Amino acid sequence: GGMAAALLLLLLLVAAGPGRGRAGAGRERRDTLREELLLSPLPTGDVAATFQFRTRWDADLQRGAVSHYRLFPKALGRLVAALGVRELHLALTQGFWRTRYWGQPPLQAPAGAELWVWFQPTVTDVDKAWKELSNILSGIFCASLNFIDSTNTVIPTASFKPLGLANGTDHHLLRYAVLPREVVCTENLTPWKKLLPCGSKAGLAVLLKAERLFHSSYHSQAVHIRPICRDASCLALSWELRQTLTVVFDFFSSGQGKKDWSLFKMFSRTLTDTCPLASQSKVYVDISPKNKEKELLEVSPPPTSVHEAVVQGDKKTYAVYDLLSPSLFNTSRSLNVQLKWKRPQDSSEMPIPTLHAQRYVGGYGLQTGEICTLIYNTHPYRAFPVILLETVPWYLRLYVHTLTIITKGKENKPSYIHYQPAQDRRRPHLLEMLIQLPANSVTKITIQFERALLKWTEYPPDPNHGFYVGSSVLSALVPSVTAMKDVDVEQSPLFTSLFPSSDGSSYFVRLYTEPLLVNLPTPDFSMPYNVICLTCTVVAVCYGSFYNLLTRTFHVEEPSRGGLAKRLANVIRKFRGVPPL
């Protein structure tokens with residue numbers, strides 16, 4: 001009887017198993033992958049390529065109920081859940097985006113490593129979580145993020161508002177740090193590629209060949225994690241991971257004055273297949289005319305469609321290649337997008353971006369100096385405000401009473417200013433200002449500083465190279481030339497939807513200036529070597545001689561009469577009349 005009951009129970013369990021599995025599959029958390037490549041010819045003749053891989057996951061990471069990961073990387077998902085991260089933005093950049101000549105970038109980042117994170121209100125010790133987070137990310141991306149500490153971390157009050165869904169913006173939950181000296185190379189790219197669902201084996205990631213990416217003018221890779229609305233009603237939230245990579249190639253064809261390029265010329269590879277996990281895989285080529293003469297670009301093979309959109313205030317036209325379209329790979333096994341100019345481009349009239357900035361160090365000597373920032377508003381008739389964030393290390397002692405803001409020869413008073421003074425070896429200076437930029441103007445901001453003298457153990461191995469000061473950050477809503485319409489984020493291209501648009505008349509821009517290299521008073525580190533050499537020489541000569549004299553024993557030798565040979569020689573000399581020996 002007992003055996004029959006056990007057998008019946010086993011049969012019931014087997015029968016119920018698949019049904020329960022199907023019900024579980026119906027309730028399975030949905031995750032999708034979209035990938036996209038944007039190719040933009042720049043006014044100077046260079047070419048910018050921006051990759052975006054977007055994984056969206058309809059799950060609640062914060063509750064810790066997630067145990068099965070499919071497309072979303074487990075390393076980042078566990079990190080978000082364990083440390084109470086609401087939003088995470090990490091960028092690793094080599095080079096500097098030249099806004100004045102290349103125009104507004106889709107996603108700009110400062111030189112080196114940049115990390116800014118919003119934590120959940122439930123996190124009690126934000127500093128501890130921040131330290132732990134930077135150490136874990138340092139291990140994941142093989143970067144020096146473990147050098148982020150209180151001396152280079154700030155808490156901005158006006159900049160770096162959340163890009164995702166946010167209930168409140170208590171700025172004490174925000175942390176921001178930059179390591180301007182961080183060098184980015186293949187050891188950072190490899191773990192970044194491993195986070196992709198298809199790795200670098202299929203889809204657009206096939207083009208990410210390290211020796212080509214790092215043989216470029218500018219290279220920036222980033223990871224953005226944020227919560228977004230699951231649907232229009234926004235009753236539930238989803239998590240979005242964006243992995244972006246921007247690279248600028250310098251291509252000047254010799255001889256004809258034409259700048260022709262292709263995927264193979266840039267990446268030494270072509271697209272052969274799609275990532276099977278991707279629900280969307282597209283290549284966008286910016287074929288907008290660059291000047292009034294409607295200079296057109298010729299793309300081949302013919303694109304599957306043409307997309308028009310208002311991006312960063314300008315009307316743009318894009319040729320679209322849909323890699324999931326069955327007709328695309330029918331004619332040939334691979335896709336090699338080629339772009340040719342119909343006539344030589346005259347680069348003398350380059351379009352100037354509405355907002356751009358530059359920064360440099362002034363002054364002379366090794367005691368005092370000044371930081372100068374120039375902000376340009378080239379809009380012919382519209383003024384707009386800009387938020388400037390300056391982070392200066394503690395060893396440059398700022399004199400805030402010397403802060404001057406001059407626009408068109410007159411003083412320009414900021415409508416908001418927040419200054420947090422530095423503490424030696426504990427925290428940096430933080431200066432935030434809201435400045436109104438009049439139309440068609442240049443605003444010059446200067447502040448003087450004094451260089452501190454460090455302890456000799458605080459200098460890096462190459463102290464004469466100089467000390468880096470991180471980039472200034474400009475955040476602004478720039479007036480748009482063309483009215484922008486509200487578009488569905490899920491349907492629009494990825495490069496248009498990272499920053500939330502406020503209204504149709506303006507678009508959000510975040511710009512970074514150049515990092516600064518400042519020389520500090522440096523002791524002569526070769527002096528100890530000279531002292532050691534001189535001391536050792538003196539000790540060896542003097543001590544050696546004295547020791548030799550003190551320990552040697554002296555013997556007096558008795559003069560001998562000489563041997564048989566000497567006596568024979570003296571007898572011969574006597575016969576010759578020569579004095580004896």
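The values are calculated or read from the model by the stated rules, or taken from the named source; none is laboratory data. Because the structure is a prediction, the values reported are computed rather than measured. Using ideal geometry, Cβ is built from the backbone for each residue, glycine included, and neighbour counts are taken over all protein chains shown. With ligands, DNA and RNA removed, areas are computed over all heavy atoms of the protein, side chains included. Shrake-Rupley method; radii C 1.70, N 1.55, O 1.52, S 1.80 Å.
Taking the chain as a whole, the Cys residues whose C-beta sits 4.7 Å or farther from every other Cys C-beta are 142, 185, 372, 533, 536, 542. Membrane-span-like helices in the chain (whole DSSP H runs, Cα extent of at least 30 Å along the helix axis, mean Kyte-Doolittle hydropathy of at least 1.0): 2-26.
Using helices alone, I'd like the mean residue ellipticity at 222 nm for the chain: each DSSP H run of four-plus residues gives -39500 (n - 2.57), total over residue count, nearest 500.
On the way: 10 runs with 106 residues, N = 581.
Helix-only estimate at 222 nm: -5500 deg cm²/dmol.
Peptide packing: for 543-554, 447-458, 310-321, 73-84, the average count of neighbouring Cβ atoms within 10 Å per residue gives the ranking 310-321, 73-84, 447-458, 543-554, highest mean first. Projecting label points 7 angstrom from Cα along Cα→Cβ for residue 452 and residue 411 puts them 3.0 nm apart.
Take the Kirkwood radius over Cα pairs of the chain, plug it into Stokes-Einstein at 20 °C and 1.002 mPa s, and you get 75 µm²/s for translational diffusion.
Each Lys and Arg Cβ is given +1 and each Asp and Glu Cβ -1; about its Cα centre, segment 99-149 then shows a dipole of about 200 debye. Over all directions, the projected convex hull of the C-alpha atoms in segment 32-341 averages 17.4 nm² in area.
Among 527, 350, what's the order by accessible area (1.4 angstrom probe), most exposed first?
On the way: 527 95, 350 55 Å².
The ranking, largest first, comes out as 527, 350.
Between residue 401 and residue 542, what FRET efficiency follows from the Cβ-Cβ distance if R0 is 41 Å, with the result rounded to 0.05? For R0 = 41 Å, the calculated efficiency reads 0.10.
Candidates 396, 472, 447 compared by Cα position along the dipole of segment 336-480: farthest toward the positive end lies 472, with charges placed on Cβ.
Toward the positive end of the charge dipole of the chain, with +1 on the Cβ of Lys and Arg and -1 on the Cβ of Asp and Glu, the farthest Cα among 577, 376, 351 is that of 577. Here segment 32-341 is treated with +1 on each Lys and Arg Cβ and -1 on each Asp and Glu Cβ, and its dipole about the Cα centre works out to around 360 debye.
Under the convention that each Lys and Arg Cβ holds +1 and each Asp and Glu Cβ holds -1, the size of the dipole of segment 168-237 around its Cα centre is about 200 debye.
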